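Q: Sending over a structure as structure tokens; questions will come in a sec.
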Amino acid sequence: MGELINGMHHVSLIVADTSRALGFYRDLLGLEVDGGRPDLGYPGVWLQVGRQQIHLLELPNPDPLEGRPEHGGRDRHLALIVSDIDRLKSQLDQAGITYTVSRSGRRALFCRDPDQNALEFVETPLV
């Protein structure tokens, strides 16, 4: 019968301000905006990550922003593949973004976006 689920299309993250979030995701991380997002009745943006997307939703956040674990690996998080973790560290350092390294021993780090969404970046060589 084959596999029913064979990939991931997108992940949605709640943000308080789409413009501020774009400063992080587009300007700092270099993700491209998909201009095909329809009018959904609230602000937001779709970002390309390879063949997948991150959907930023500017909506009221039901989750607490304070009291979250310092290390993003102990919180809900999105993991993204990077080709050069040292380059990413440099970009985050220059932007004043704090991060923690993975406790697994992998070349990976965790940080939070301006809305306290936890992100993991895992170095995986390009094939």
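Q: Would you point out the residue of the stretch 31-59, among those that are outside any strand (DSSP E or B) and in contact with a helix residue (DSSP H, G or I) (Cβ under 9 Å, 6 or more places away or on another chain), that is nearest to D113 (Cα to Cα)? Reasoning before the result, please.
A: Of the stretch 31-59, the ones outside any strand (DSSP E or B) are 31, 35-43, 50-51, 59.
Subset that is in contact with a helix residue (DSSP H, G or I) (Cβ under 9 Å, 6 or more places away or on another chain): 31, 43.
Details: L31: 14, P43: 18 Å.
Result: L31.
Q: Just the residues that are basic (K, R) and either in contact with a helix residue (DSSP H, G or I) (Cβ under 7 Å, 6 or more places away or on another chain) or not in a helix (DSSP H, G or I) (or both), please, taken from the stretch 63-99.
A: Once the filter is applied, which keeps residues that are basic (K, R) and either in contact with a helix residue (DSSP H, G or I) (Cβ under 7 Å, 6 or more places away or on another chain) or not in a helix (DSSP H, G or I) (or both), the stretch 63-99 yields R68, R76.
Q: So, in the stretch 100-110, exactly how many residues are farther than 21 Å from V11 by Cα and either open to solvent by 60 Å² or more (accessible area, probe 1.4 Å) or in a strand (DSSP E or B) (or both)?
A: Here the count works out to 7.
Q: Could I ask something else about it? Quick one: how many residues across the stretch 90-127 are more than 16 Å from the chain's Cα centre (by Cα), of a type outside the set (A, V, I, L, M) and over 21 Å from R76 (Cβ atoms)?
A: 8
Q: For I97, indicate whether it is under 28 Å from L59 (Cβ atoms), among the aliphatic types (A, V, I, L, M) and touching a residue at least 24 places away in the same chain (Cβ under 8 Å).
A: It is true that I97 is under 28 Å from L59 (Cβ atoms), among the aliphatic types (A, V, I, L, M) and touching a residue at least 24 places away in the same chain (Cβ under 8 Å).
Conditions (1) open to solvent by 50 Å² or more (accessible area, probe 1.4 Å); (2) out of contact with any Ser or Thr (no Cβ under 9 Å at 6 or more places or on another chain), marked per residue:
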site: L47; (1), (2): no, yes
site: P64; (1), (2): yes, yes
site: P69; (1), (2): no, yes
site: A79; (1), (2): yes, yes
site: S83; (1), (2): yes, no
site: D86; (1), (2): yes, yes
site: Q94; (1), (2): yes, yes
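Q: Then there is this: With open to solvent by less than 50 Å² (accessible area, probe 1.4 Å), under 17 Å from V49 (Cα atoms) and acidic (D, E) as the only criterion, which of D75, D113 stands out?
A: D113
Conditions tested, residue by residue: (1) free of Cβ contacts under 8 Å to residues at least 40 places away in the same chain; (2) small (G, A, S); (3) farther than 22 Å from G23 by Cβ.
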position	(1), (2), (3)
L65	no, no, no
H71	yes, no, yes
S83	no, yes, yes
R87	yes, no, no
Q91	no, no, no
S102	yes, yes, yes
R106	yes, no, yes
R112	no, no, no
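Q: Taking the residues in the stretch 10-40 that are small (G, A, S) and touching a residue at least 12 places away in the same chain (Cβ under 8 Å) as candidates, determine which candidate is least open to solvent (accessible area, probe 1.4 Å).
A: A21
The values are calculated or read from the model by the stated rules, or taken from the named source; none is laboratory data. Note that the coordinates shown come from a computational prediction; the quantities given were computed from them, not determined experimentally. Glycine also receives a Cβ, built like all others from the backbone with ideal geometry; neighbour counts cover every protein chain displayed. Surface accessibility is based on the protein's heavy atoms, side chains included, excluding ligands, DNA and RNA. Shrake-Rupley method; radii C 1.70, N 1.55, O 1.52, S 1.80 Å.
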